[in-house]
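Only the coordinates and a few stated rules stand behind these numbers; no lab work does. Being a predicted model, the structure only gives us computed values, none of them experimental. Neighbour counts run over all protein chains shown; Cβ positions are idealised from the backbone, glycine included.
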Amino acid sequence: TMLVPSDFLLISELGMGAGGRVYKALHQPTLTLVAVKELPMASAKKRDSLKKELKVLYTQLQGLAEDKPKEEYMDMLRGKAFRSNHVVSFYDAYSTEAGFCHVVMEYMNGGSLQDLIDKGGCRNEDLLRNIARGIAKGLKELHENKFLHRDLKPANVLMGTDGKVKVADFGVSRDLASSKDLAKTFIGTFLYMSPERIKGEDYDGKSDIWGLGMTLLASFLGRFPHEISNKNAAYWEMYDKFVSEDSHHMEDQVRAFGGSQELEDFVRLCLQKDPAERPSTALLLEHPFLAIGEGRITAASDTERIEQAKKIEILEVVTCCKEHGVKFPR
Ligand code: ADP
């Protein structure tokens, strides 16, 4: 590990996911807020392999050297090195003595789409457009690098106060889906799965497109688009509704949901049962729903927005330092 675990000060809990708790933490040497995802993994071997795999995966994606010097990590934390605009940055992972794998990532202070859904969702289509565009661009970046997300769902779409929308948790989930540690909480991990994945068939990038459609629809509705009547049989219910030959369940749902024509069409295209029929990210980015207002935000207001967000970030860091007695350099 290049970053020193004891340099991170856990501040508060940000959320509880299917995988484990997520904390807000302060990296004291750089005074940067980060998010730390705590994954319970009983086996030290598993922790190590997840750690290694994540590093390889993200160094490829982030275009960094695998054995980067500590300075490079520090620059990343300070926001000086490359940060994707649409995929949440990964900084480091380490395994703790208490039997956790800690995944340190970029902190997104706007929370996740799941938080938004829990508060009733969002009917504002301009906001939804920004969200859909962010996800589509994030997926495009992954797909162009020959990666699949595999677990796109509202909890994995995070927002910043600067209006940025990024996809998170890419790579973490694959190991979790197969982990015995998580068998009990499996429900959260398949609700947004595409029909072909539910069936256990081969899948590709189009599987992520299904996740995008479901995520967008859930954000609009303020709930998962299909009412699960029996939690214990949720898997079979989903199988029946999304996968079986004669089911047109999602098509009916989409027809009735009450968004604009463009949004409805966008969601409908993503939620086609046959993956081959679903559009690629490049096509989606040209869809009329996303084309509206692209470039409408002027450069001037963009700068203002970013300045404002920076102020909020600095204020948050200062508050954390004060509350936890961390010395703040002048
Ligand atoms: P899951 O395990 O279901 O994929 P997560 O553990 O990824 O869910 O996230 C649970 C919650 O933690 C999210 O809904 C969000 O509120 C919060 N969260 C996760 N990652 C971050 C982050 N990088 N920055 C800020 N909040 C986060």
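Run through the stretch 218-257 and list the trypsin sites (Lys or Arg not before Pro) located in a DSSP loop whose Cβ has at most 14 other Cβ atoms within 10 Å.
On the way: sites: ARG223, LYS231, LYS241, ARG255; in loops: ARG223.
In loop regions of the stretch 218-257 (DSSP not H, G, I, E or B), the sparsely surrounded trypsin sites (Lys or Arg not before Pro) are ARG223.
Neighbours of ALA309 by Cβ distance under 15 Å: Lys/Arg scored +1, Asp/Glu scored -1, total -1. Is the stretch 87-152 best put as rounded, prolate or oblate by its Cα gyration tensor, with a ≥ b ≥ c the root eigenvalues, rounded for a/c under 1.5, and otherwise prolate when a/b is larger than b/c, oblate when not? Judged from the Cα gyration tensor, the stretch 87-152 comes out oblate (a/c at least 1.5, b/c at or above a/b). Positive-end ranking of PRO288, HIS86, GLY110 along the dipole of the chain, with charges on Cβ about the Cα centre, is headed by GLY110.
Quick check on the stretch 1-66: take the gyration tensor over C-alpha atoms, sort the square-rooted eigenvalues as a ≥ b ≥ c, and tell me if it's rounded (a/c under 1.5), prolate or oblate. Oblate, since a/c reaches 1.5 and b/c is not below a/b.
The peptide list 117-124, 153-160, put in order of mean Cβ contacts within 10 Å with the highest first, becomes 153-160, 117-124.
Working note: Karplus 6.51/-1.76/1.60 with θ = phi - 60° gives the stretch 111-128 the couplings x, 9, 5, 5, 4, 5, 5, 4, 8, x, x, 9, 9, 7, 6, 5, 5, 4 Hz, where Gly and Pro are set to x. Residue-wise HN-Hα couplings along the stretch 303-316, as the Karplus relation 6.51 cos²θ - 1.76 cosθ + 1.60 with θ = phi - 60° gives them from phi, are 4, 4, 4, 5, 4, 4, 5, 4, 4, 4, 4, 4, 4, 5 Hz; Gly and Pro carry x. The amide H of ARG21, built 1.01 Å from its N in the peptide plane, has GLU38 as neighbours under 5 Å, considering only residues 5 or more places off or on other chains. Relative to the longest principal axis of the Cα atoms of the chain, helix 44-62 runs at roughly 80 degrees.
Once backbone amide H atoms are built at 1.01 Å from N, HIS226 has no partners under 5 Å, excluding neighbours fewer than 5 places away on the same chain. In the chain, the longest principal axis of the Cα atoms and the axis of helix 205-221 are about 90 degrees apart.
Using 18 Å as the Cα-Cα cut-off, could you pick out the over-long pairs in LYS24/LYS322; LYS146/LYS206; LYS51/LYS146; LYS37/LYS119; LYS119/LYS231; LYS37/LYS206?
LYS51/LYS146; LYS37/LYS119; LYS119/LYS231; LYS37/LYS206
Normalised by the number of residues in the chain, what is the relative contact order in percent for Cα pairs under 8 Å and 6+ residues apart?
Numbers: 491 pairs, mean separation 51.2, N = 330.
So the answer I get is 16 percent.
Across the stretch 93-105, rounded Karplus estimates of 3J(HN,Hα) from the backbone phi angles (6.51 cos²θ - 1.76 cosθ + 1.60, θ = phi - 60°) give 9, 8, 9, 9, 5, 6, x, 10, 9, 9, 9, 9, 9 Hz, Gly and Pro being marked x.
Once the Cα-Cα distance is subtracted from the 0.36 nm per residue extended length, the ALA42 to PHE328 segment shows a gain of 99.2 nm. Computed from the C-beta positions of ASP302 and GLN60, the FRET efficiency with R₀ = 25 Å rounds to 0.25. Going out from 0 in 10 Å bins, what whole percent of all Cα-Cα distances in the chain drops into each bin? All Cα pairs, binned at 10 Å, distribute as 5, 25, 34, 24, 10, 1, 0 percent.
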